[in-house]
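The values are calculated or read from the model by the stated rules, or taken from the named source; none is laboratory data. Because the structure is a prediction, the values reported are computed rather than measured. No Cβ is skipped: glycine too gets one built from the backbone with ideal geometry, and neighbour counts run over all protein chains shown. Keep in mind that these areas ignore ligands, DNA and RNA; they rest on the heavy atoms of the full protein, side chains included. Shrake-Rupley method; radii C 1.70, N 1.55, O 1.52, S 1.80 Å.
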Amino acid sequence: MELFLLSNGKLSGESELLGYAKARIQTMLQARKITSAVLIPYALIRSDYDARAKELSDALSIQVSSIHHAENPAEAIASAECILISGGNTWMLNQLLHENGLIVPIQRAVRERNVPYVGWSAGCNVATPSIRTTNDMPVRNSVVLPALGLFPVQINPHYIDAHLSGHMGETRDERIAEFCAVNPSESVIALREGSLLQVSGNDLSYFSAKDQGFKVFRHGHETQEYQDTQAIQSLVPFNCQ
């Protein structure tokens, strides 16, 4: 299995999409001799699908085509060399994955054919068991449908632990703690901007362009920050590095 689960698509001040993760992704593409990818852009609401595909083609130096042009989306996934899932609104993305019959085709492509999966923000969220730890508003529907479940632990992308002056609502830490209180058997990995989890074969590693750690939230446990994935070895079936 090859997964790149990115908190976000760009760092502040960064012009190129996936720039902070580009070297890692291109190393994988070159090793596998991958020359094309299928983009699933359903999370985009106010952006153009083809413009996003062009942006990714330029960034990764491969041919990227948007799945909305495919007459049969499932067949497009069945023949894909690589799957890219853009950020945007997670609710819209997950709903359209279901409506277009892509949940099982993506699962089979990644698990059975070893097709690389690169997802950022919303694309990271849908790789987990559910989208219940997204930061997005449910603009499309109010039903929490199952997600892809390629990665076994809930992730909160765009994680920030700052408490803005004058903001009287719950902090992100409090919101995630509420999730864990309601779902005490589940854990949440909080990924800051510019960070990613990478599964390569059976190995799981963590990278942060800002040299920051990730946090792990569990009900009844003190929340801590970590720099490597050995801290979550008990939560995943991968070899943690």
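Taking the 1.4 Å solvent-accessible surface of segment 10-166 as the whole, the part contributed by carbon and sulfur is 51%. Angle between the Cα long axis of helix 22-32 and the longest principal axis of the chain, 0 to 90 degrees, nearest 10? The angle comes out near 50 degrees. Of the residues Arg132, Arg111, Arg52, the one with the largest accessible area comes first in the ranking Arg111, Arg132, Arg52, computed with a 1.4 Å probe on protein heavy atoms.
Taking a ≥ b ≥ c as the square roots of the Cα gyration tensor eigenvalues, with a/c under 1.5 meaning rounded and otherwise prolate when a/b beats b/c, else oblate, which class fits segment 78-201? Prolate shape, in that a/c is at least 1.5 and a/b is the bigger ratio. Database remark: amide H of Cys240 closer than 5 angstrom to the amide H of Leu204 (H placed geometrically; neighbours at sequence offset of 5 or more, or on other chains; Pro and chain starts carry no H). Dividing the Cα radius of gyration of segment 1-70 by 2.2 N^0.38 Å, with N the residue count, gives 1.10. Taking packing as the residue-averaged number of other Cβ atoms within 10 angstrom, the listed peptides 124-130, 193-199 run from highest to lowest as 124-130, 193-199. Once the Cα-Cα distance is subtracted from the 0.36 nm per residue extended length, the Arg32 to Asn135 segment shows a gain of 33.7 nm. Counted residue by residue at 0.36 nm each, then reduced by the alpha carbon distance between them, the extension gain from Asp203 to Glu99 reaches 34.2 nm.
Taking amide H as placed 1.01 Å from N in the peptide plane, Glu193 has its amide H under 5 Å from the amide H of Tyr159, each at least 5 places away in sequence or on another chain. Among beta bridges from DSSP that stay inside the chain, the antiparallel ones total about 50%. The long axis of helix 90-99 is offset from the longest Cα principal axis of the chain by roughly 50 degrees.
Summarising the amide proton neighbourhood of Ile85: residues at separation of 5 or more, or on other chains, whose placed amide H is nearer than 5 Å comprise Ile40, Val118, Gly119, Trp120. Note on Ser57 and His221: the model spin-label points, each 7 Å out from Cα along the C-beta direction, lie 4.5 nm apart. In order along segment 33-48, the phi-based Karplus estimate (6.51 cos²θ - 1.76 cosθ + 1.60, θ = phi - 60°) of 3J(HN,Hα) comes to 6, 7, 10, 8, 8, 9, 9, 9, x, 4, 6, 6, 10, 10, 10, 8 Hz; Gly and Pro are listed as x.
Within straight-line reach of Lys10, meaning a Cα separation under 18 Å, sit the following lysines at least 8 residues removed in sequence or on another chain: Lys22, Lys54, Lys210. Legend: residues Val104, Val153, sorted from most to least accessible area (1.4 Å probe; ligands, DNA and RNA excluded), read Val104, Val153. A DSSP coil position with no more than 11 other Cβ atoms inside 10 Å describes the following GluC sites (Glu not before Pro) in segment 50-100: Glu71.
Helix 49-60 axis versus longest C-alpha principal axis of the chain: approximately 90°, rounded to the nearest ten. For segment 203-217, backbone phi angles converted through the Karplus equation (6.51, -1.76, 1.60; θ = phi - 60°) give residue-by-residue couplings of 9, 10, 10, 10, 9, 10, 5, 9, 6, 10, x, 10, 10, 10, 9 Hz, Gly and Pro being listed as x.
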